[in-house]
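Everything on this sheet refers to the single structure shown next.
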Amino acid sequence: MSERRDGEVRVQPPNFARSGLIYASPLLADGKLYYVSQHNGSYVLAAEPKFKLLAHNTFEDDSSRANASIAAVNGELLLRTDHALYCIANR
């Protein structure tokens, strides 16, 4: 939920409980918010007042925990789990 200084609620997301625990800080890049949950993959939301889930991604062969925030470097996303460090890029 996001509130303005006047107290008006700007965003009220639907039940987002399926994401599980999220300890990492979100990343704002390219008009999107990137969240990483500990055990349920990553979530991409539109950075706009209305809640809009753009993607939910998981690694098929990596079910380990993710605590680190996603980092953006030179147009690529870096994501670390307890198992590996991933570089995600659009090639």
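Take the range 24-49 and flag every residue that is under 15 Å from T81 (Cα atoms) and of a type in the set (V, I, T). Listed by number, the list holds a single entry, V36. Annotation: R18 fulfils all but one of (1) outside any loop (DSSP other than H, G, I, E, B); (2) at pLDDT below 90; (3) touching a strand residue (DSSP E or B) at 6+ places or on another chain (Cβ under 7 Å); the unmet one is (3). Entry remark, the range 63-91: residues being in contact (Cβ under 8 Å) with a residue 24 or more places away in the chain, over 12 Å from the mean Cα position of the chain (by Cα) and closer than 16 Å to G20 by Cβ number 2 in total. Condition check for E48 on (1) under 22 Å from N90 (Cα atoms); (2) outside any strand (DSSP E or B): one failure, at (1). Quick one: in the range 60-73, which of the residues that are of a type outside the set (G, A, S), under 20 Å from L33 (Cβ atoms) and assigned to a loop (DSSP other than H, G, I, E, B) is modelled with the highest pLDDT? Within the range 60-73, the match that is modelled with the highest pLDDT is I70.
If the condition is being buried (at least 16 other Cβ atoms within 10 Å of the Cβ) and of a type in the set (V, I, T), then the range 26-84 contributes V36, V44, I70, T81.
The values are calculated or read from the model by the stated rules, or taken from the named source; none is laboratory data. Just so it is clear, the model here is predicted, and its values are computed rather than measured. Please note: Cβ atoms are built from the backbone with ideal geometry, for glycine as well, and neighbour counts cover all protein chains shown.
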